[in-house]
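Report on the structure given below.
Derivation of every value follows stated rules applied to the coordinates shown; laboratory data play no part. Since this is a predicted model, take the numbers as computed values, not measurements. Cβ sites come from the backbone with ideal geometry, for glycine too, and all protein chains shown count toward neighbours.
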Amino acid sequence: MPVLVDVIISFALIFLLFSILVSGMAELWQLIIRKRALFLHDAINDVFNDHLNKNYAHLIYTHPLVDRLKEKNTTYPHYIAAGTFADALIDIIRNDHQLPEITFNHERKSYDIKHAVYSSDQAKAGDGIVTDFNAGIHAMAESDLKQLLRTVSFGADDYASLKRNVVQWFNDYMSATSTWYKRGMTKMLFGFGIIVALVFNVNAIHIVKELYDQKVMRDELVNYAKEYVAKNKEFYDGEKMQNIPIDLQVQRIQEAYKESRALNLPVGWRLKDMTNRYDLPGMTTDIILYLLMSIPGWLIAAAALSYGADNWFNILSRFINIRTSIKPKE
Amino acid sequence: MIYFNSHTHIFSAQYVPNNVVGVPIMNFMSRYPIAATLSRFFARLRFGAIDSQLERVTKFASIGLGTSQETIFNTLEEYYNSWGDVRFVILTMDMEQMGAGKPMGNYRTQLEELVRIRARGHYANKLLPFLFVDPRRPEFVNGKVLVEWVKPWFERYGFCGIKMYPALGYYPFDEKLDELYDWAEAKQVPILYHCIQGVIHYRGSLNGFPKPRHFIPEIHNLNLKEGKAFQANFTHPLNYKKVLERNPRLKICLAHYGGEEELTRRGPNKGAWYDAIRNLMVEYKNVYTDISFTLHDQSTFPIIAKDMKDPAVQQQVLFGTDYYVVQKDKDEGDLRDELRAFLNAQSEERNLFDLMAAENPRTFLRSSFYSA
C-alpha cells in the first residue's frame, strides 16, 4: 500500500510539473492567436448575425462602446462587460428602424443630412428608450433574433429594467458558452500535451514502471512533493492558472522546467534506452520498435497532461494526506 | 480642382463569401494574426521579388480585415491627404447570388453601414456610393419591384450611381433590368459594369445555364465547363450593344478597359475586348471606361495616353484604381503617381491626368441625384 501511494504521489508530481508547462503553453498560444477574442466574436455572431434582417453582431462590434475595446482595427476585443454589451445592443436596436436621410442639394452642390429623430432623444436622458427599442424590434422581419429580443424586453418599462434584462441574458449566455470554450481548450491542452510528451519523452507507462522499480527515486520525489505542496498550497487555493498574469505564467513555466531538470525524472531521450533493449539486429530497428512501443505511453501522458496543473495539485495534496495518515500504522 | 477616384471598394471581408479568392487568406490571418505578423517580418527581410509580393498580399489582407467600412475608407483617404478635395466612388458589392455561399454579413448590413458612415462629418461629400444591383435576388420578382427597391437609395439615402458585376452570373441585358435602365436613362444615373475577366466570377453549377435573351453567336459559348472561362459570356463588352440599342442615352462605364492583357496584346483573339469597348465609346458619347486595376501594369500606359490624346474618346476615360483589390498587385500611391507622371509628360498643352481624374468624372457622375 505505501509503495502504491508513493508511486501515485511521484507520478502526480511529475505530471503536475509538466502540466504547468502545458497549461502555460496553451495560455500563451491563446494570447498569440487571440482565441478568446475570436471565440467571443463567434458566440455573439451565432446569435446576432440575423440573415433575415442584418448582421447585428457586426453592428455591436462597430458600436463605439465596443469598438473602442479593440487593440487594433483588425482584431476583436477579448472581453466585453455585460453592461457595455447591453448599452450597445439597446442603442443599436433603438436606432435600427430609421436611417439618416442624405439628399443632394444641387444649389449648394453638397449633401444635406437629416438625422433620424427618436422619442428618447427629445425627452430627458433615458426616457423613451424602451419605446424606441420596441419600435426597432417591431420593424424587424420575423426571425429567431426578433423573438429573442422580444422575450428579453418582456416586463421592461424603463431603461434600467431593460438593461437589467439584457445583462441577465448576456451573463446566462456567456455561462453556457464558457462550457463550449472549455471543451475547445481541452482539445488544445491535449495537443500541447502530445508536443510536451514527445519533446521530453514523457511516457506514462515507462514512468510508472521506473517509479515502482526505483525506491531511491521514489523517496526523493515524495520528499520533494511534500515540500512543494506546503510551499504552493496558497497559490493553488487562490487563482486558477488561466487567470494569472503573463509574466508570472512565464516564471512558473521556467521554475517547473528547472525543477524537472534538477529532480532527475524518468523522462527524456537517451540513446541507450532506445537501443539494446529488444535484442534485435541493428540500431535502427531497435529505435523504430522503441518508438512504436512508446506510442500508448505518450498518448496516456498527453491525456494526463491535459488534465490541468490545478487538478494534479489536488491529487497530490490528497495522497500526501493519505500517506501521512497511514504511515504511523505501518 | 476636385479630383475623383471613380473606382474604389471599402467593403470588408465579412461581405465576401468564403469561397472567393483572397478571403481564405484573410480568414486565416483573422484566425491566426501571428501569420500576418510573420509575413510582415519575412517581407521586411528583403529577399527580392518575393518579399514585395508578400508585403502587398499581407497589406491587402490586413485592409480587407478591417472591421468596418469606415476603417477601410480611412486607409484609402490617407493616400490622398495632400491632394485637396478628392472624392471617391465607392462600389458596393452583393455577392450573395454568385454561388459561393453566403457571406457573413448580408448586403443590407453593408448598405446601411455605408449610409450611417456618410451621415457623419465630412464623409457624405467624400464618399459617392454606387448601389450594387443583381437582378437574381429572390425579392426582385420583376423589374418593377427591382426599381422600387432601387429608388429610395437614391432619393433618400444619397446613392449616386449603380454598380453591376455580370461575371457573378447574369447578363447585362437581363429582362428584369429593363425598367431600371429606363429610370436610370431618364435620371442620367451612371451605371458602372465590371468588364474584365478576373478571378471573381460565378461559382455555381454551369449545367443547363439558360440561353440568354439575346444570343450573340460570336461571343456566347454555353458549352464551357469552367466558371473562369464561362464568365466571358456575361461580361463581354458586345453584350452592351444590346443594352444601348434599347436605351441609347444610358450613361454607362465599362470598367477596367477590358483588362491589361486586352490593352497590351495584339493579334488573333487578343485585344478584342479593348477594341469593342473603344468602338462603343466612339459610337456612343455616353459610354465611358475606367483604367482601374489595369493601371497596375505600366505597359498599358502608352495605350491609355494615346486614347487620352484622341479627341474621339479622350473625354470618356476615367481615373480609378480599384482600391483595395489592386493592393495585392501594386500599392495605391505608387500606381497613381506613376500614371500621373506618365500622362503629365505626354502633353504640354493639356493636363491629361486632370482630364481623366477631374473633368471626365464630373460629366460621368452628373445626374438628377448628384453634380460636382
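Which ordering of A:Leu52, A:Leu198 is given by a fewest-first count of other beta-carbon atoms within 10 Å? Walk me through the numbers before you get to the answer.
On the way: A:Leu52 13, A:Leu198 16.
In increasing order of surrounding Cβ atoms, one gets A:Leu52, A:Leu198.
If neighbour count is taken as other Cβ atoms inside 10 Å, put B:Asp297, B:Asp174 in order from fewest to most.
Working: B:Asp297 16, B:Asp174 22.
Ascending number of Cβ neighbours within 10 Å: B:Asp297, B:Asp174.
Quick one: compute the contact order of the stretch A:35-178, relative version, from alpha carbon pairs under 8 angstrom and 6+ residues apart, as a percent. Write out the running numbers ahead of the final one.
Details: 161 pairs, mean separation 31.2, N = 144.
Relative contact order of the stretch A:35-178: 22 percent.
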- HN-Hα J couplings of the stretch A:132-147 from phi, Karplus 6.51/-1.76/1.60, θ = phi - 60°, integer Hz, Gly and Pro as x? 5, 4, 5, 5, x, 5, 4, 6, 6, 5, 4, 7, 4, 5, 4, 4
- Note on the structure: Taking Cα atoms only, helix A:159-199 is inclined relative to the longest principal axis of chain A by an angle, in degrees rounded to 10, of 30
- Note: chain B, point scatterers on Cα, Debye, no solvent; log10 I/I(0) at q = 0.08, 0.15 Å⁻¹ equals -0.38, -1.51
- Task: Run through all the Cα pairs of the stretch A:20-156 and give the fraction in each 10 Å bin from 0, expressed as whole percent.
- Result: 10, 32, 29, 18, 8, 2, 0, 0
- Query: Which of the helices in chain B, when you take each full DSSP H run, stretch at least 20 Å along the axis at their Cα atoms and have an average Kyte-Doolittle score of 1.6 or higher?
  - Reply: none
- Can you sort B:Met356, A:Met283, B:Met93 by how many other beta carbons sit within 10 Å, fewest first? A:Met283, B:Met93, B:Met356
- Please sort by residue number the GluC sites (Glu not before Pro) in the stretch B:292-372 whose DSSP state is loop and whose Cβ has at most 11 other Cβ atoms within 10 Å. B:Glu348, B:Glu349
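If contacts are Cα pairs under 8 angstrom and at least 6 residues apart, what is the relative contact order of chain B in percent?
On the way: 653 pairs, mean separation 72.2, N = 372.
Relative contact order, chain B: 19 percent.
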- Task: Rounded to the nearest 10 degrees, what's the angle between the helix A:2-33 long axis and the longest principal axis of chain A, both from Cα atoms, 0 to 90?
- Result: 40
- Other-chain or far-sequence residues with amide H under 5 Å of B:Arg87's (modelled H): B:Tyr3, B:Phe4, B:Asn5
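Could you pull out the longest piece of chain A with no exposed loop chymotrypsin sites (Phe, Trp or Tyr not before Pro) in it, calling a site exposed if DSSP puts it outside H, G, I, E, B and it has at most 11 other Cβ atoms within 10 Å?
A:155-268
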- Using the Karplus curve 6.51 cos²θ - 1.76 cosθ + 1.60 with θ = phi - 60°, work out ³J(HN,Hα) for each residue of the stretch A:43-53 in order, rounded to whole Hz, and write x for Gly and Pro. 5, 6, 4, 4, 8, 9, 7, 9, 5, 7, 10
- Size-normalised alpha-carbon gyration radius of chain A, reference 2.2 N^0.38 Å: 1.46
- Item | Principal-axis tilt of helix A:283-305 within chain A, Cα atoms, nearest 10 degrees | 50
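Scanning chain B for chymotrypsin sites (Phe, Trp or Tyr not before Pro) in DSSP loops with at most 16 other Cβ atoms within 10 Å, what's the longest stretch left with none?
Numbers: sites that count: B:Phe47, B:Phe215.
Counting only loop sites that pass the neighbour cut-off, the longest clear stretch is B:48-214.
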- Determine, at each q value in 0.14, 0.17, 0.20, 0.21 (inverse angstroms), the log₁₀ of I(q)/I(0) that the Debye formula gives when each Cα of the stretch B:301-363 is one equal point scatterer. -0.39, -0.57, -0.77, -0.84
- Message: What does the charge count around B:Ala358 come to, taking other residues whose C-beta lies under 11 Å from its C-beta (Lys +1, Arg +1, Asp -1, Glu -1)?
- Response: -1
- Task: Would you grab the residues whose amide H sits under 5 Å from the one on B:Asp134? Only those 5+ places off in sequence or on another chain, please, with H modelled 1.01 Å from N.
- Result: none
- Integer Hz, Karplus 6.51/-1.76/1.60 couplings in order for the stretch B:254-262, x for Gly and Pro: 8, 5, 6, 6, x, x, 5, 5, 5
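Two decimals, Cα atoms only, Kirkwood Rh: what is Rg/Rh over the stretch B:273-320? Write down the numbers at each step before the final one.
Values: Rg = 10.2 Å, Rh = 10.9 Å.
With Rg and the Kirkwood Rh in hand, the quotient comes to 0.94.
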- Cβ-Cβ cut-off under 9 Å around B:Ser68, Lys and Arg +1, Asp and Glu -1: the net charge is -3
- Computed on Cα atoms only, the convex hull of the protein assembly as shown has an orientation-averaged projected area in nm² of 42.2
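For Cα pairs less than 8 Å apart in space and 6+ apart in sequence, what is the mean separation divided by the residue count of chain A, i.e. the relative contact order in percent?
That works out to 31 percent.
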- Item | Cut-off under 5 Å, modelled amide H: who pairs with B:Tyr323 long-range | B:His9
